[in-house]
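The values are calculated or read from the model by the stated rules, or taken from the named source; none is laboratory data. All figures in this text were calculated on a predicted structure; none of them were measured in a lab. Here the Cβ is made from the backbone with ideal geometry for all residues, glycine too, and neighbour counts use every protein chain on show. Please note that ligands, DNA and RNA were not included when accessible areas were found on the heavy atoms of the full protein model with its side chains. Shrake-Rupley method; radii C 1.70, N 1.55, O 1.52, S 1.80 Å.
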Amino acid sequence: MTDSRKRVPIPIKVAPAGDLPPDQRGVVLDSVQKHRSLEGALLPILHAIQERLGWIPTAAVPLIAFELNISRAEVHGVLTFYHYFRQRPPGTHTIYMCRAEACQALGAHGLEAHAQQVLGTKFHERSADGRISLEPVYCLGNCAMGPSLLIDRQLYSRVTAERFDEIVAALSGETAAERSTASAVGAR
């Protein structure tokens, strides 16, 4: 007896749907292509994507996994394990606040609370106006000069609450006095 049914091959690898906008998809594919031959290519690929887009879209995970022939869980695990990788678009400016022991000993804990209150955000989030992202970092290598911040690749040392306000005001293009007046008016 012969089987009269026609055999239909079932694809084992199905390309992920195009959930990414074309420009983002191009960045992901270009980053994969440039780094896929490296040993442990996933990290360099994620760094390359974030360098170009400023973040790694969640919709990129299936495409990265498909291109590297690894599971989505592996990509997601690496993406969520390392705090450096962002899964949301960052603000115009990113403030990296040192949370290491040396900076903590020099007052970083109080500065963290002040920064979160002033910006109206927590770590890994953006300010309400979307202009400033606040990110923790666990050493900036400036231990004797803490508390330290890294803002848009510029290092700031011995940052006090008052100096933080001045720095944030400068990022916004306003003076610290204008900012504190606006805060006082908004608090009423």
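To keep it simple, each residue is scored yes or no on (1) more than 23 Å from Phe81 (Cβ to Cβ); (2) under 22 Å from the mean Cα position of the chain (by Cα).
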position	(1), (2)
His93	yes, yes
Tyr96	no, yes
Ala100	no, yes
Glu112	no, yes
Thr121	no, yes
His124	no, yes
Leu150	no, yes
Arg163	yes, no
Glu166	yes, no
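The residue pairs whose first member lies in segment 101-119 and is without any contact (Cβ under 8 Å) to a residue 60 or more places away in the chain, whose second member is of a type in the set (Ser, Thr, Tyr) and open to solvent by less than 60 Å² (accessible area, probe 1.4 Å), and whose beta carbons are closer than 7 Å, counting only pairs six or more residues apart or on different chains, are Cys103/Ser148; Leu119/Ser127. Within segment 37-61, work out how many residues are farther than 21 Å from Glu135 by Cβ and open to solvent by 30 Å² or more (accessible area, probe 1.4 Å). Residues in segment 37-61 being farther than 21 Å from Glu135 by Cβ and open to solvent by 30 Å² or more (accessible area, probe 1.4 Å): 5 in total. Residues in segment 14-28 that are hydrophobic (A, V, I, L, M, F, W, C) and at pLDDT below 95 were compared, and the one that is surrounded by the most Cβ atoms within 10 Å (Cβ to Cβ) is Leu20. Are any of the residues in segment 66-87 surrounded by 15 or more Cβ atoms within 10 Å (Cβ to Cβ), out of contact with any helix residue (DSSP H, G or I) (no Cβ under 8 Å at 6 or more places or on another chain) and either under 30 Å from Leu171 (Cβ atoms) or free of Cβ contacts under 8 Å to residues at least 12 places away in the same chain (or both)? Among the residues of segment 66-87, not one is surrounded by 15 or more Cβ atoms within 10 Å (Cβ to Cβ), out of contact with any helix residue (DSSP H, G or I) (no Cβ under 8 Å at 6 or more places or on another chain) and either under 30 Å from Leu171 (Cβ atoms) or free of Cβ contacts under 8 Å to residues at least 12 places away in the same chain (or both), which makes the answer no.
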